[in-house]
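Before any comments, here is the structure.
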Amino acid sequence: MWGPCALYSKVQCNENGGKKMSAKTILTTHRDVDFDPETFISTYYSSVAGHEEDGDLIKFFLDGLSDAFKSGTIVGAQILDIGTGPIPHTAFCAAPWFEEITLSDFSQKNLDFLQKWKNGEINHMDPILNYLVQVDKSSSTVEKRQDELKRKIKNIVKCDVTQPNPVVSTPVDGVVFDAITSSLCLESASVTLDDYEKSVQNLSGLLKPGGHLVLVGVLEETFYRVGDFRFKCAYIRKDQLQDIWEKEGFEILSLKDFNDTCSSHKAGNDFSDFQNAFVMVAKKREY
Ligand SMILES: C[S@@+](CC[C@H](N)C(=O)[O-])C[C@H]1O[C@@H](n2cnc3c(N)ncnc32)[C@H](O)[C@@H]1O
């Protein structure tokens, strides 16, 4: 699964499974290195087209998130987004349906970036939000929806999904949420499938029985790159993903598959080696 470079965390290397990388990169984990939020945004979210070698990946994610929420069946008082990074687009889709939103991430750099955005010091999401308002067929404007999102975000807190109690910051410590969203976090917070399953258990402890999960992720990926860093990811196949969530007490309501709708990405490039991607809606069983 891993090339020779994987043996050496934080070791400079220039190979990826025999394919030459265009620049020297350092293989690491989120536990060791925080990515630069601006580099992450400019690499993956500067437009709906996303990264040039990923095909319509960002569009697929945005369409899936919009579809999950616009039916109005996922509603409640409190929602948590896990691993928000510097971009709260998942929360943007959820905001009309919830009273209070909590954003969370492992990286203080990302939490500071989100706080600056909430304070109006950064405006980095216009292309993504314009697209979401369009696909939501929203009668509202981007400005109004973004103001609503900012108003409903009550907490931006530290989270470590690998821990049994992932969010310990006051006032969120002990809260069990009506719904949880998470995009591209669980696989990058884990290195092994076992780590991934433990993170699923930890996440589940934060969700009410009967509560909804909207999960965005990639499949069969071992790394993704931000600037000079390649972040290790837990390699997970679609059947393993389904097995883990079902085993951990979730009913999968829908699972959209990127390769079923788009096939234009170049599987395996300098920036990531994902083979497929998904948007999943699931419900935590009540028993
Ligand atoms: C690929 S980025 C995804 C960011 C954003 N949600 C998106 O969809 O683009 C992965 C995010 O997970 C966060 N992360 C990594 N390990 C984590 C952990 N143990 N607990 C919570 N968040 C973590 C990283 O800091 C990073 O912001």
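The numbers here are math on the coordinates, done by the rules we state, and not lab data. Please read these numbers as outputs of a predicted model, since none were measured by experiment. We place every Cβ from the backbone using ideal geometry, glycine too, and count neighbours over all the protein chains shown.
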Quiz prompt | Antiparallel DSSP beta bridges within the chain, as percent of all bridges there, nearest 5 | solution = 50 percent
Quiz item: What distance in nm separates the simple spin-label points at Asp32 and Asp257, each placed 7 Å from Cα in the Cβ direction?
Solution: 3.5 nm
Quiz prompt | R0 of 41 Å, Cβ-Cβ distance Ser42-Tyr287: FRET efficiency to nearest 0.05 | solution = 0.35
Quiz item: So what is the relative contact order of the chain, in percent, for Cα pairs below 8 Å that sit 6 or more residues apart?
Solution: 21 percent
Self-check item: Helical segments meeting 18 Å axial Cα length and Kyte-Doolittle 0.5 threshold in the chain (DSSP H)
Solution: 57-70
Exercise. Report the convex hull volume per residue for region 132-287, counting only C-alpha atoms, in Å³.
Key: 147 Å³
Exercise. Would you work out the charge dipole size for the chain about its Cα centre, treating the Cβ of every Lys and Arg as +1 and the Cβ of every Asp and Glu as -1, and quote it to the nearest 20 debye?
Key: 280 debye
Quiz prompt | Inter-label distance for Gln275 and Asp147, nm, one decimal - labels placed 7 Å from Cα along Cα-to-Cβ | solution = 4.9 nm
Exercise. Assuming a ≥ b ≥ c are the square roots of the Cα gyration tensor eigenvalues, decide whether region 74-212 counts as rounded (a/c under 1.5), prolate (otherwise, with a/b larger than b/c) or oblate.
Key: prolate
Quiz prompt | Directionally averaged shadow of region 21-284, computed from the convex hull of its alpha-carbon atoms, nm² | solution = 12.4 nm²
Quiz item: For region 84-222, what is the relative contact order in percent, using Cα pairs closer than 8 Å and at least 6 residues apart in sequence?
Solution: 25 percent
Exercise. Quick one: go through region 163-197 and flag any residue whose amide nitrogen is under 18 Å from the point 7 Å out along the Cα-to-Cβ line of Val135.
Key: 181-185
